[in-house]
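One structure is given below, encoded as structure tokens.
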């Protein structure tokens, strides 16, 4: 996902809006068992501050993720904002690499790493298909959302078992 900054480079203190769309790479979500269901849509406004380009944008897409409780796949919408800073590679000596600045050459900046980071940060640590998901039975493994089981789950921590007899 590249932004062509050729017009904006010639106009310090001005802004330009960009609308980008690309297919997401499922390898990016492979470790969490997810995949992209729709393309990634990005709207971003970039301002030339004189020596840097500052952008503020929004990214939208639909993901398929596994539920953390019942393990069924569900659709998760991503609609999140992000910010970035870009600078021409000839100015790289003026800025530390640790500042998170994207350096570009030939008037084009690749912002895909920032977009992927925004998507990844929007995914919850414990993704649920719905708020009241009951998960799987710890004994028989049935999905408690669709069927109920008659398993006895009265397991007591052995450290507290002696207290059971006190009444």
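Quick rundown of the values:
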{"quantity": "Sole exception among (1) loosely packed, with under 12 Cβ neighbours inside 10 Å; (2) modelled with pLDDT under 90; (3) in a loop (DSSP other than H, G, I, E, B) for residue 145, by number", "calculated": "(1)"}
{"quantity": "Selected residue (only one of 59, 46 is in contact (Cβ under 8 Å) with a residue 60 or more places away in the chain and not assigned by TED's automatic domain parsing to the domain that holds residue 139)", "calculated": "59"}
{"quantity": "Subset of region 6-34 [touching a helix residue (DSSP H, G or I) at 6+ places or on another chain (Cβ under 9 Å) and either buried (at least 17 other Cβ atoms within 10 Å of the Cβ) or part of a loop (DSSP other than H, G, I, E, B) (or both)]", "calculated": "14, 16, 20, 24, 25, 29, 34"}
{"quantity": "Checking residue 74 against (1) closer than 15 Å to residue 2 by Cβ; (2) out of contact with any strand residue (DSSP E or B) (no Cβ under 6 Å at 6 or more places or on another chain); (3) part of a strand (DSSP E or B), the condition it does not meet", "calculated": "(1)"}
{"quantity": "Unmet requirement for residue 102, which otherwise passes all of (1) part of a helix (DSSP H, G or I); (2) more than 18 Å from residue 36 (Cβ to Cβ); (3) in contact with a strand residue (DSSP E or B) (Cβ under 6 Å, 6 or more places away or on another chain)", "calculated": "(1)"}
{"quantity": "Boolean, residue 58 is loosely packed, with under 15 Cβ neighbours inside 10 Å, in contact with a strand residue (DSSP E or B) (Cβ under 9 Å, 6 or more places away or on another chain) and closer than 30 Å to residue 131 by Cβ", "calculated": "yes"}
{"quantity": "Inter-residue pairs, beta-carbon under 7 Å, first within 25 Å of residue 133 (Cα to Cα) and in region 147-163, second at pLDDT below 75, 6+ apart", "calculated": "156/164"}
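The values are calculated or read from the model by the stated rules, or taken from the named source; none is laboratory data. These figures come from a predicted structure and were not determined experimentally. Note that each Cβ is placed from the backbone with ideal geometry, even for glycine, and that neighbours are counted across all protein chains shown.
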